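Right, one structure below, let's go through it.
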Amino acid sequence: STSSLKGKRKKKVLPDANPLFTKWLSEWRQEAVEKGWKSAHTYAKSLKTLKMFPLPLTSGNDCKLLKNFGDKICKMLDEKLAEYNRNQALPTSRCNVTVSSSIQTELLSVNNVKGPSCPTSHLTSTTNGTKVKSKTSGLH
């Protein structure tokens, strides 16, 4: 039964608060290892620090407050994040979807459910046959 756990403390595993930064640092560390670069050790230290930090970071510049993060790694993270954000943006022309206002309200009331692969800010609602551009703040 539970007698083997009695008196023992379980280690709490925190979820990764910065999965993209963790992924990119891991990729850079692996590339450095494969190429025999000394920077592999630096990436490993930064990665270890990042995994211990429980709060989400919004930019590479935010990483400067952490140990083992210098200007170069922070700049690399900012550039990679900008590239990632550019690739996530959808052109407006692909998001011309017309839905009734009742369906749009239902879509907006459910978290993280957008239209057919489009941000809700690009949805057009119809009210009494008149098209009205949605003024909701969706992803951009």
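The values are calculated or read from the model by the stated rules, or taken from the named source; none is laboratory data. The structure displayed is predicted, hence computed values, not measured ones. As a convention, Cβ positions derive from the backbone with ideal geometry for all residues, glycine included, and neighbour counts pool all protein chains shown.
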In the range 50-75, which residue that is charged (D, E, K, R) and surrounded by 15 or more Cβ atoms within 10 Å (Cβ to Cβ) is nearest to W24 (Cα to Cα)? K51
Looking at L47, L81, which one is surrounded by 11 or more Cβ atoms within 10 Å (Cβ to Cβ), over 14 Å from the mean Cα position of the chain (by Cα), assigned to a helix (DSSP H, G or I) and modelled with pLDDT of 95 or more? L47
Expected single match for modelled with pLDDT of 50 or more and either surrounded by fewer than 17 Cβ atoms within 10 Å (Cβ to Cβ) or of a type in the set (A, V, I, L, M) (or both) among T92, T136, T42, T105 is T92
